[in-house]
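Worksheet for the structure shown next.
Nothing in this text is a laboratory measurement; each read-out follows from the coordinates by a stated rule. Predicted model, so just to flag it, every value in this text is computed and none were measured. All Cβ positions, glycine included, derive from the backbone under ideal geometry; neighbour counts span all protein chains shown.
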Amino acid sequence: MSKRSNALALRLEKGALALEAYANALSEADWQTSVPHDGRKIGVVVHHVATMYPLEIDLARTLAAGLPIEGVTAEVVDHMNAAHAKEYDGVTKEEALGLLRRNSAAAAAAIRSLTDDDLDSAAIVSLNSSAPLTCQFILEDHAVRHSYHHLAKIRAALRKKSAALTTG
C-alpha cells in the first residue's frame, strides 16, 4: 500500500465516521428533516452517501486503468439521485448507517489497493467537461469529499431548523 493511497483511505474513513456519529445521534424527527435546496430527507442523504461509494470507487478504478469516464453528466447524476430519493424515502437509521459502515470500509480498502501509478493515471471525465483528470482527483472530489460535503449540509439544515423553532 502506498502512503498516498493510505492517506486518502484514512481521510475517507474519517469523513464516514464523522457522518455516522452525527447521524446516529439524530432524533427520528431530525432524521426526517429535509435538507434545504436539496429536498431530500437527512436519512435519505446519509443512505445516498453510502450507496455512492461503490460507484465512486468504480469510476476511480476506470481512471486508474487509463480509461475515460464517458456518459456521466450532471443530468444523469440528478436523475440517479432523484430515483434513489424516491426509492429510499423511508430508509431507517439502522439500514443507512449499516450500509455506510460496510461501503465506506470497502471503499477504503479499495483505495488502499491503488498504487501511486494508479493514482496518477488520468483520462477524460465527462462529468467534468471531459477534462483529463487523475484517479486521485476523482477520489478526492467524490468518494473522499462526499461524506464531508453532506455532513456540512445536514448540520446547516438542522441549525436552520433549530433557529426557526426558536424564533417561530
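Does at least one position in the stretch 114-125 carry a residue that is under 16 Å from the mean Cα position of the chain (by Cα), within 18 Å of P54 (Cα to Cα) and surrounded by 14 or more Cβ atoms within 10 Å (Cβ to Cβ)?
Of the residues in the stretch 114-125, the ones under 16 Å from the mean Cα position of the chain (by Cα) are none.
Checked the stretch 114-125: no residue is under 16 Å from the mean Cα position of the chain (by Cα), within 18 Å of P54 (Cα to Cα) and surrounded by 14 or more Cβ atoms within 10 Å (Cβ to Cβ).
When you go through A106, A23, A7, A60 one by one, which is the residue that is under 27 Å from L158 (Cβ atoms) and in a helix (DSSP H, G or I)? Working first, answer last.
On the way: A106 fails: under 27 Å from L158 (Cβ atoms); A7 fails: under 27 Å from L158 (Cβ atoms); A60 fails: under 27 Å from L158 (Cβ atoms).
Exactly one residue qualifies, and that residue is A23.
I'd like the residue in the stretch 93-113 that is within 17 Å of the chain's Cα centre (by Cα) and not aliphatic (A, V, I, L, M) and, out of all such residues, is surrounded by the most Cβ atoms within 10 Å (Cβ to Cβ). Even if it seems obvious, please write down each step before you answer.
As a first pass, look at the stretch 93-113 and keep what is within 17 Å of the chain's Cα centre (by Cα): 93, 95-111.
Cutting the leftovers down to not aliphatic (A, V, I, L, M) gives us 93, 95, 98, 101-104.
Numbers: K93: 17, E95: 15, G98: 13, R101: 14, R102: 12, N103: 21, S104: 24.
So, considering only residues that are within 17 Å of the chain's Cα centre (by Cα) and not aliphatic (A, V, I, L, M), the one surrounded by the most Cβ atoms within 10 Å (Cβ to Cβ) is S104.
Hey, can you tell me all the residues within the stretch 79-101 that are under 22 Å from E140 (Cβ atoms) and without any contact (Cβ under 8 Å) to a residue 40 or more places away in the chain? Steps first, answer last, please.
Just the residues of the stretch 79-101 that are under 22 Å from E140 (Cβ atoms), to begin with: 80-81, 100-101.
Listed by number, the list holds a single entry, M80.
Taking the conditions exactly as written (more than 16 Å from the chain's Cα centre (by Cα) and acidic (D, E)), does E56 satisfy them or not? Give the steps one after another, and end with the answer.
Details: more than 16 Å from the chain's Cα centre (by Cα): no; acidic (D, E): yes.
So E56 fails the test.
Please specify each residue of the stretch 26-53 satisfying the condition of being over 13 Å from the mean Cα position of the chain (by Cα), hydrophobic (A, V, I, L, M, F, W, C) and in a helix (DSSP H, G or I).
Going through the stretch 26-53, the residues over 13 Å from the mean Cα position of the chain (by Cα) turn out to be 26-43.
Next cut, hydrophobic (A, V, I, L, M, F, W, C) only: 26, 29, 31, 35, 42.
Listed by number, the residues that qualify are A29, W31, I42.
Condition test on A18, is it touching a helix residue (DSSP H, G or I) at 6+ places or on another chain (Cβ under 9 Å), part of a helix (DSSP H, G or I) and surrounded by fewer than 19 Cβ atoms within 10 Å (Cβ to Cβ)? Reasoning before the result, please.
Values: touching a helix residue (DSSP H, G or I) at 6+ places or on another chain (Cβ under 9 Å): yes; part of a helix (DSSP H, G or I): yes; surrounded by fewer than 19 Cβ atoms within 10 Å (Cβ to Cβ): yes.
For A18, the condition - touching a helix residue (DSSP H, G or I) at 6+ places or on another chain (Cβ under 9 Å), part of a helix (DSSP H, G or I) and surrounded by fewer than 19 Cβ atoms within 10 Å (Cβ to Cβ) - is met.
Please verify whether the stretch 84-92 includes one or more residues that are surrounded by fewer than 14 Cβ atoms within 10 Å (Cβ to Cβ), assigned to a helix (DSSP H, G or I) and not β-branched (V, I, T). Walk me through it before giving the result.
Pass one, the stretch 84-92, residues surrounded by fewer than 14 Cβ atoms within 10 Å (Cβ to Cβ): 86-87, 89-90, 92.
Narrowing further to those that are assigned to a helix (DSSP H, G or I): 86-87.
Within this subset, residues satisfying the condition of being not β-branched (V, I, T) are 86-87.
The answer is yes, given that some residue of the stretch 84-92 is surrounded by fewer than 14 Cβ atoms within 10 Å (Cβ to Cβ), assigned to a helix (DSSP H, G or I) and not β-branched (V, I, T).
For the stretch 141-152, name all the residues that are surrounded by fewer than 16 Cβ atoms within 10 Å (Cβ to Cβ) and in contact (Cβ under 8 Å) with a residue 60 or more places away in the chain.
R145
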